[in-house]
Each structure stands twice: as C-alpha cells, then as structure tokens.
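Trainee: Let me begin by handing over the structure; questions about it come next.
What follows is calculated from the coordinates using simple rules that are stated; it is not laboratory data. Keep in mind that what you see is a predicted model, and the values were worked out from it rather than measured. Every residue, glycine as well, gets a Cβ built from its backbone with ideal geometry; the counts of neighbours run over all protein chains shown.
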Amino acid sequence: MTSSDETPIATTDATSREAEAERLAAAEASEQKAVRLAKRQRLLEEGAQAYPVSLPVTDTIPAVRERFDGLEPDVSTGETVGLAGRVVHLRNTGKLCFAALQAGDGSRIQAMLSLASVGEESLQRFKELVDLGDHLFVQGEVITSRRGELSVMATDWAIAAKAIQPLPNLHSELSEETRVRARYLDLIAREQARTTVRARATAVASLRSTFASHGFLEVETPMLQTIHGGASARPFKTHSNAFDTELYLRIAPELFLKRAVVGGIERVFEINRNFRNEGADSTHSPEFAMLEAYQAYGDYNSIADLTQELIQNAAVAVAGSHEVTWADGTKYDLGGEWARISMYGSLSEASGQEITPQTSFEELSKLANAVDVEVDVPTKGKLVEELWEHFVKGSLDRPTFVMDFPVDTSPLVRDHRSVEGVVEKWDLYVRGFELATGYSELVDPVIQRERFVEQARLAARGDVEAMRLDEEFLRALEFGMPPCGGMGMGIDRLLMAITGLGIRETILFPLVK
C-alpha cells in the first residue's frame, strides 16, 4: 500500500477520535445538566428559589474593588456589603469554602464561607447546591485573606440564578465557532470580548459627542422602504401583510436624510442598521451598523475634515490616544493629517500607464484582461475602480482619502467642479479596507433624474446592484436642496480600525449560517 493510500486512513482515524471526543463531551454535559436540574428541584422543594425576583444587593463587585483597593493582607474592614456575581471558581475544603465571583465587566472578588460564619447546615447546603456558572449572592464583611485577596466573609448566601448548563473550561481558548455562535459564553470567558463591547459603546458615544459639538441633529429614518436606494447593493425583500406590498430592508438611509435637509434640518446624522443581501467575509456582514451625515453648505472637502475628526476623537475615547493598539499587539497611528490622493493619478502611477476619465473603454478592458481583472457588468467607471483596487489598494498603509471617482459609478454625487468625467467623491481607506465614503452631494433634480435613468439601463443589462428611480425623492429635490456635503461610515469597520479585529468580532451578535 502506498503512502498516498495511507493518508485517508490516518485522516479518518483523527476524525473518528474528534467525533468520539465530541460525543463524550456531549454525554458529560448532558449528565451535568441532569445533576443541576436535580439541584434546582431540591431548592424548590426546600422552599428556596432557584431564580429569585430580587436580592438585597447593596454594592457591585467593581465598586467594592475600587473602594478597597490596596488593602494589606489579613485585614478586616468592619464594612458589610451584599453583592452578587457568577461563580467562575469553586473550592470546597472542609470547614472553609471559596468561590470567585465575576461581574459582567470581568472583575472578580472572592467569597469565603466558613463553618464559624454561616453554620454547619448552611455550609453543607452550599457544598451540595452551588455549581460553577451559578449566579451567587453573598452578604458579609469585606476582608483580605492571608494572601491579600480581597474577599467577602459571608454570613449569608443565596443562589441568584441556577446555571443548568455547565460553563466551558475558562482556562482553555474557546473555538471561533463557539465565540461567534454563543457570544454570551464568549463574554463570560474572554476579556477581549468584553472590552470590544465597551469599546464600541465608547466609540459611538464619541461620534454623537463630536456631532453635537458641530450642531448636528440625530434622526431616525425608515428601515422598511418601498424603493431601495442610496447605495449600489442587493437588497433584502420582504412583504407587508398590512399594506399588501413588497418592501425592502434599507441598504442606506441617504435618500431620507436628504429629504430632512430639504426640510431644513441642515446638519443631520443617523446611526442605525443597514441590510445588504450580498457576501459575508472578514470586512462584510449582511446586517451592519452605519453612520450617515449631511451638512448643508459643506462639500466633500469639509466632510472629509469632519470624518477625520470623528474617527480621531473616537480613537482617543477608546484608546486614550490617536495611536491605537490592535488585538494582535500591532500599533497603528490614526493621528496627523491624512493624505488625499487622486484615484486616476494614483492608478496611472501604479500601473505605469496614463489613465484619465477620457481613456477609452477598449483601453481599460485591454489593461484589465492583461492583469486578470474581471467586472460582471463592465462600464468605464467600474473598470477604473477595479483596476485601482488591483494596482493601488494594497499599497495604502496610512489612512488615506482616495478622491475623485468616475461619474458612472456614483449616481448621487455632484460632477467635479473643474475635472470633466469625475465626481466629487472620496473613499477613506484604513488598514487596507474602505472605512468611509464622502460626497459633494448632487442636488440638481434634473441631473439626478438623468442619473437614475442611466441606473435603470444598467439594471436592464443585468446589474443587480443598480439603483431604482425614486420619484418621491426627486420630488423632494425639486423643492430645493442647498449645497451639501455627505458621508457614510460603517460602525463595525470603525471598530475594526481601532481594535484590529475582524468584523464578526466587532458585532455583538453577528449573523451566522
């Protein structure tokens, strides 16, 4: 038998061992669950509660740790507290029991139960009823142990919530599959998961604070729409029974936020969910959080300034500095003034061939074929953008605004004021991915209609991402929209830029198959 014949047998053996290990683990978990259910039943039969509605909690674990930080070993404070946390370590040793209680932020405190402090019957019940993973309430004096461990010497205890399922091994790394599918376990077990949730909340709070300092108002716009628009993307479809009509989950809030500008809300933003029925990878999720903002009498230059300020302020709020440290230890500098480069100029330099808005479709196709760049429904603009990604995107290290895009790929953007064939649009690249995009907004309803008609032609040619003509939006523009700068930024990607994590790590509960 050849070595190539032997390989499948070895692989099969390894697979069988893994399957057997999973079967044994499942059997053990099932057995533990049965034991814990029996303990729950015993609590009920004894007149106790496995899930009491309230407990006399007077303090939190982080507050007690802060208040009594730095105590010497073997100190009695004389102060009594009532607090609760999840049991993440348990040691029963004769006349003295120890339990490490963990708060939601990961901070811990030791609970000590002695024969002298709670009595023989209570101590025995503790040993028989309390498991790892239970939420436990303890009341007693704050002390430090002989080793200096901050502790509560309990005089009373109660189960606050009985855990029926056993916790995973907190000393082993959770699999990525478990971390994504059971984020609640990830939050219990892993500091990085808890840190990321707090970083996201801090970043969003910073965004709102920066907007407030510039006089912006936050609004909410519809997520169910009769016409999808505001971006080039595939939508999710649904059906309204009440209206007996097909609806779309929004791909962008743009067309409604612009209606708000028409109505006189001249500085407006929204942070909310978008849905795009497309691929999922390390930088894309079908459901994601989006920030969009519009500033009357601004343009793509002023909105770029604002975007840089928003991101830099968020970095300082989360990391304390413009220089952030990613999860893998890499340091990345978001400070200083960010470069602004031309799409056509940078493409010409990187490809060694001059490419302008007037370069023919045939020349662009020839270059694309030479470097194996493919476009589903090719136009001049799409070829330019795909070629730019091929030649230039991978070379961008520092945060960079890529300016002045082809007109046919940007139907909601104003023509460039001095360069024919391009529009006043930028994309911001950080860490090699697109973080935000900004426009000098197209506010001429006549030209906007022409752009929508051209999008309809692309849709007829098979472009599933082409926009649809929106008569209500055009009617709003006909009442007059002032000159305007607009931007959009993914909140998940902002966290990626600050933390160095993938998109599924930055979303608390990502969609998984």
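Trainee: Using Cβ counts within 10 Å as a stand-in for footprinting exposure, how do D408, D281 rank, fewest first?
Mentor: Numbers: D408 18, D281 10.
Result, fewest neighbours first: D281, D408.
Trainee: Figure the gain on full extension for D156 and S16 (residue separation times 0.36 nm, minus the Cα-Cα span) and round it to one decimal in nm. Provide the component values of the computation, followed by the final result.
Mentor: On the way: separation 140, 0.36 × 140 = 50.40 nm, distance 4.89 nm.
Taking D156 through S16 to full extension adds about 45.5 nm, to one decimal.
Trainee: Now a separate question. Along the positive direction of the dipole of segment 136-290 (beta-carbon charges: Lys, Arg +1; Asp, Glu -1; about the Cα centre), which of T196, L185, W157 reaches farthest?
Mentor: T196
Trainee: Please report the relative contact order for segment 260-387, taking Cα pairs under 8 Å with a sequence separation of at least 6, and give it as a percent rounded to a whole number. If you can, show how the numbers build up before the last one.
Mentor: On the way: 103 pairs, mean separation 15.4, N = 128.
Relative contact order here is 12 percent.
Trainee: Something else now. Which value, in debye to the nearest 20, gives the size of the charge dipole of the chain about its Cα centre, when Lys and Arg are +1 and Asp and Glu are -1 at the Cβ?
Mentor: Numbers: 54 positive and 78 negative charges, 312 e Å.
Dipole of the chain, to the nearest 20 debye: 1500 debye.
Trainee: A follow-up question, please. Using mean Cβ contacts within 10 Å as the protection proxy, how do 351-361, 70-80 order, highest first?
Mentor: Top to bottom by mean Cβ count within 10 Å: 351-361, 70-80.
Trainee: Considering the zone a paramagnetic label at Q192 would reach in this model (a point 7 Å from Cα along the Cα-to-Cβ line), which residues of segment 313-352 have amide N under 15 Å from it?
Mentor: Inside the label zone: 325-331.
Trainee: Per-residue counts of other Cβ atoms within 10 Å, averaged by peptide: what ranking do you get for 283-296, 39-52, 156-169, highest first?
Mentor: Working: 283-296: 20.7, 39-52: 13.2, 156-169: 17.7.
Listed from highest to lowest mean packing, they are 283-296, 156-169, 39-52.
Trainee: Taking the Cα of R234, stepping 7 Å toward and past its beta carbon, and measuring to each backbone N in segment 460-475: which are under 14 Å?
Mentor: In segment 460-475, the label zone of R234 (backbone N under 14 Å from the point 7 Å along Cα→Cβ) covers 462-466.
Trainee: Between R146 and D328, take the C-beta separation as r, use R0 = 35 Å, and let me know the FRET efficiency to the nearest 0.05. Walk me through the numbers before you get to the answer.
Mentor: Working: r = 39 Å, r/R0 = 1.12.
With R0 = 35 Å, the Cβ-Cβ based efficiency is 0.35.
Trainee: If Rh is defined by the Kirkwood formula over all Cα pairs and Rg also comes from Cα, what ratio Rg/Rh do you get for segment 385-474? Could the numbers behind the result be given before it?
Mentor: Values: Rg = 14.5 Å, Rh = 14.4 Å.
In segment 385-474, Rg relative to Rh is 1.01.
Trainee: Here is a further query. Can you give me the convex hull volume of the Cα atoms of segment 360-399, divided per residue and expressed in Å³?
Mentor: Taking the convex hull of the Cα positions in segment 360-399, it is 74 Å³ per residue.
Trainee: Something else: Along its principal axes, what span do the Cα atoms of segment 142-275 show, with the longest given first and each in whole Å?
Mentor: On the principal axes, segment 142-275 reaches 69, 39, 29 Å in Cα extent.
Trainee: Evaluate the distance, in nm, between pseudo-label points positioned 7 Å from the Cα of Q165 and of I227 along their respective Cα→Cβ axes.
Mentor: For Q165 paired with I227, the spin-label model returns 4.6 nm.
Trainee: Now for a separate question. Counting only Cα atoms, I'd like the Rg/Rh figure for segment 199-341, Kirkwood definition for Rh.
Mentor: Across segment 199-341, the Cα-based Rg/Rh ratio is 1.01.
Trainee: Show me 436-446, 136-146 ranked by packing, highest mean number of other Cβ atoms within 10 Å first.
Mentor: 436-446, 136-146
Trainee: I want to check the label-to-label distance for V371 and V35. Put each point 7 Å from Cα in the C-beta direction and report it in nm to one decimal.
Mentor: According to this spin-label approximation, the distance is 6.2 nm.
Trainee: Using Cα positions and a limit of under 25 Å, work out the lysines in reach of K331, with same-chain residues fewer than 8 apart set aside.
Mentor: Straight-line reach from K331, under 25 Å: K393.
Trainee: Can I ask one more? Sticking to Cα atoms, compute the Rg of segment 114-217 to one decimal and its Dmax as the biggest Cα-Cα distance, whole number, in Å.
Mentor: Every Cα atom of segment 114-217 included, Rg and Dmax give 20.5, 65 Å.
Trainee: A further question on this structure: Multiplying the sequence separation of A459 and E173 by 0.36 nm and subtracting their Cα-Cα distance, what value in nm do you get?
Mentor: On the way: separation 286, 0.36 × 286 = 102.96 nm, distance 4.76 nm.
Result: 98.2 nm gained on full extension.
Trainee: Still on this structure, please answer the following. Taking segment 157-207 on its own, what percent of its Cα-Cα pair distances exceed 15 Å? Working shown, then result.
Mentor: Working: 730 of 1275 pairs.
Tail of P(r) above 15 Å: 57 percent of Cα pairs.
Trainee: Right, next: Across 10 Å bins from 0, what is the distribution of all Cα-Cα pair distances for segment 306-377, in whole percents?
Mentor: 15, 30, 16, 27, 11, 0
Trainee: Quick check: convex hull over the Cα atoms of the chain, volume per residue in Å³, rounded to an integer?
Mentor: Numbers: hull volume 124.8 nm³, N = 513.
That works out to 243 Å³ per residue.
Trainee: Treat the count of other C-beta atoms within 10 Å as a stand-in for reagent exposure and order S206, S321 from fewest to most. Mind dumping the intermediate values first?
Mentor: Values: S206 20, S321 14.
Arranged by neighbour count, lowest to highest, S206, S321 become S321, S206.
Trainee: Treating the Cα atoms of segment 274-321 as identical point scatterers in vacuum, please give the log10 of the normalised Debye intensity I(q)/I(0) at q = 0.20, 0.22 Å⁻¹, two decimals.
Mentor: -0.88, -0.90
Trainee: Also, I was wondering about something else. Would you please state which residues of segment 414-435 a label at E363 would reach in this model, taking the label point 7 Å out along Cα→Cβ and a backbone N cut-off of under 19 Å?
Mentor: Label zone hits: 419-423.
Trainee: Provide the FRET efficiency to the nearest 0.05 for the R475-E278 pair, computing r from the beta carbons and using R0 = 35 Å. All intermediate terms of the calculation are to be shown ahead of the outcome.
Mentor: Details: r = 30 Å, r/R0 = 0.85.
Computed FRET efficiency for R475 and E278: 0.75.
Trainee: What Rg and what Dmax come out for segment 337-493 when only alpha-carbon atoms are used, in angstroms?
Mentor: 16.1, 48
Trainee: If I take R0 = 51 Å and measure r between the Cβ atoms of Y51 and E389 in this structure, what FRET efficiency does the formula 1/(1 + (r/R0)^6) give, to the nearest 0.05? Don't jump to the answer; show the numbers that get you there.
Mentor: Working: r = 54 Å, r/R0 = 1.06.
Here the calculated transfer efficiency is 0.40.
Trainee: Counting other C-beta atoms within 10 Å, which of H228, H135, H89 has the fewest, and how do the rest follow? The partial results should precede the final answer.
Mentor: Working: H228 24, H135 18, H89 13.
Neighbour counts put them in this order, fewest first: H89, H135, H228.
Trainee: Which Cα, out of L167, G335, V464, lies furthest along the positive dipole direction of the chain (beta carbon charges, K/R +1, D/E -1)?
Mentor: L167
Trainee: If you don't mind, there's one more thing I want to ask. Take R42 and T245, extend 7 Å from each Cα along the Cα→Cβ direction, and tell me the distance between the two endpoints in nm.
Mentor: 6.2
Trainee: Add -39500 (n - 2.57) for each DSSP H run of 4 or more in the chain, then divide by its residues: what number comes out at 222 nm, to the nearest 500 deg cm²/dmol? Show your work: numbers first, answer last.
Mentor: On the way: 16 runs with 196 residues, N = 513.
So the helix-based figure for the chain works out to -12000 deg cm²/dmol.
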